[in-house]
Amino acid sequence: MHFKLLIALVDDNKTDSVIDAARQAGATGATVINHARGEGVEKSATFFGLTLETQRDMLMFLVEEHLSRSILEKIAEVGDFDKGMETGIAFQIDVEDAVGVKHQVEKLTQVVEDEL
């Protein structure tokens, strides 16, 4: 079984809804890194030397490759990524190898066979 790593950077108030949507689309879990910072096309505004920016969370999902695109699309939909600037982004990376995922393989085998 081959995996993809989906990484999503979302407003912290959308973290739970994005994780729930990813699970409904086939993700078996998530890792959340709170308080991520970043800049988009335009530099963040400052006020008396303090940067004004919304808090972001980085969500990571290790998912089976045949399910990855539909999960990615669901994440984008729930996160409202295409509704404007600074709403968030998500992307996927090929995973060459992974350990500690035996429980995922057992759970996903039938799901993937049904998809194919």
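Readers should treat all values here as calculations from the given coordinates under stated rules, not as data from a laboratory. Just so we're clear, the structure is a prediction, and the values are computed from it rather than from any experiment. Positions of Cβ are generated from backbone atoms using ideal geometry, with glycine treated the same way; all protein chains shown enter the neighbour counts.
Observations on the structure shown:
- Least to most buried among V78, V32, V10 (fewest other Cβ within 10 Å first): V32, V78, V10
- Close amide H contacts of V101 (hydrogens built in the peptide plane, cut-off under 5 Å, sequence separation of 5 or more or a different chain): none are found.
- Peptides ranked, highest mean first, by Cβ atoms within 10 Å: ranges 19-28, 86-95: 19-28, 86-95
- As a proxy for reagent exposure, ranking F81, F61 by other Cβ atoms within 10 Å from fewest up yields F81, F61.
- Around the amide H of F3, modelled in the peptide plane, lie the amide H atoms of E65, V95, all under 5 Å away and 5 or more residues distant in sequence or on another chain.
- Under 24 Å of direct C-alpha separation, and excluding same-chain neighbours fewer than eight residues apart, K74 reaches these lysines: K4, K14, K83, K107.
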